1. Looking at the chain from every direction and averaging, what is the projected area of its Cα convex hull in nm²?
2. Distance between Cα centroids, the range 260-320 to the range 45-67: provide it in whole Å.
3. In debye, nearest 20: dipole of the range 255-325 around its Cα centre with unit charges on the Cβ of K, R (+) and D, E (-)?
4. Based solely on its DSSP helices, what 222 nm [θ] is calculated for the chain when runs of n ≥ 4 H residues each add -39,500 (n - 2.57) and the sum is averaged over all residues, nearest 500 deg cm²/dmol?
5. What is the distance in Å between the Cα centres of the range 109-157 and the range 158-231?
6. What's the magnitude of the charge dipole for the chain around its Cα centre, counting Lys and Arg as +1 and Asp and Glu as -1 at the beta-carbon? Answer in Debye, nearest 20.
7. Pop a pseudo-label 7 angstrom from the Cα along the beta-carbon direction at both residue 33 and residue 327 and give the gap in nm to one decimal.
8. On average, how much accessible surface per residue is there in the chain, in Å², for a 1.4 Å probe, leaving out ligands, DNA and RNA?
Amino acid sequence: MPRLTTILLAFALTFTLSLVRSSAQAPATTEHKSYTQLITGSSQTYPMMAIPGGEYMMGSPAAEKGRSADEGPQHKVVIEPFWMGKFEITWDIYDLFTTKNIEKEMAVRYPEGADLSKTDASTRPSPSYVDMSFGMGREGYPAINMTQYAAIKFCSWLYDKTGLFYRLPTEAEWEYACRANTKTPYSFGADPKLLGQYAVYKANSEGAYKKIGTKKPNPWGLNDMHGNVMEWTKDQYIPTYYAQKASGKVNEPYAPTTKLYPNSVRGGSWDDDAAALRSASRVGSSPAWKVIDPQSPKSDWWMTSASFCGFRIVRPLKTPTPEEIRAYYDIKPIKDFGF
């Protein structure tokens, strides 16, 4: 798998869309403005916010209340411009990916641009044996319980539908976007008493996630970066990675995934206390997230005990080559044989 350094620094491709149907269609150039991505062959759209490039201090200062050791030492990170989804990916969009019949039914209703010749070959999740929303809500609610592998394969499916390269954010990109030029524990400041205005979390969730966008966005227009559901990143979770960066032992802008557990998720969830929702807070995935999965080996696609985990996607301004894109998408699942 190519390192993200290669991905971010590769020559930009010029995407020429065969038909611009409406303002909901992504721009055909790399002009860096926010836009709304039309999910062709459906009524679904997904707003993408333009995130400027820059540099920031990743991690939290030693004196920050609620801080964990894996958040330090703070270190300077340079970020290239990119787009990030305004919201977490919802079931409305994710179900098109997971269920080929739903995608085909929607394409009949919305035939404009609904060429399914590429997505017919998409690798899709095995059917879930239970409703993965667990009755908490589906239309307008964030999709949950997918593995990191499934989230990457969703991005591959979306590439086949749109011709645009989408992927998971790195930890560094995620925190940079969450902070939105702030240095405080949260993007709105340091007072956790204000958290209820910006986040769905344990104190106000009533034991379930909520529809996307019900709380105030951060300064860069991103909703639910704090709370609602945790969000997958591309990184392997390594508690000492910041220390390794500071000492010069590693120079990569992200930690490539080499084993199934743990991988990094960010943002905290509806089931977390305020400290877990801080911009710098880090969490690693766990085999316990599949504890009620009856399969052996465990599913490559679903994490039946991770109703707090979802994802949002990014698109780098500098697009990798087609070969690099396929290398990113065509990863093989790391087999999980349980505990």
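The values are calculated or read from the model by the stated rules, or taken from the named source; none is laboratory data. The structure presented is a predicted model; accordingly, all values stated were derived computationally and were not measured. Here the Cβ positions follow ideal geometry from the backbone for every residue, glycine too, while neighbour counts run over all protein chains shown. Note: areas computed on protein heavy atoms with side chains; ligands, DNA, RNA excluded. Shrake-Rupley method; radii C 1.70, N 1.55, O 1.52, S 1.80 Å.
1. Dividing the Cα hull surface by four gives the mean projection, 16.1 nm².
2. That distance is 18 Å.
3. 200 debye
4. Helix contribution divided over all residues of the chain: -5000 deg cm²/dmol.
5. The distance from the Cα centre of the range 109-157 to that of the range 158-231 comes to 21 Å.
6. Dipole about the Cα centre, nearest 20: 340 debye.
7. Once both label points are built, they end up 3.4 nm from each other.
8. 41 Å²
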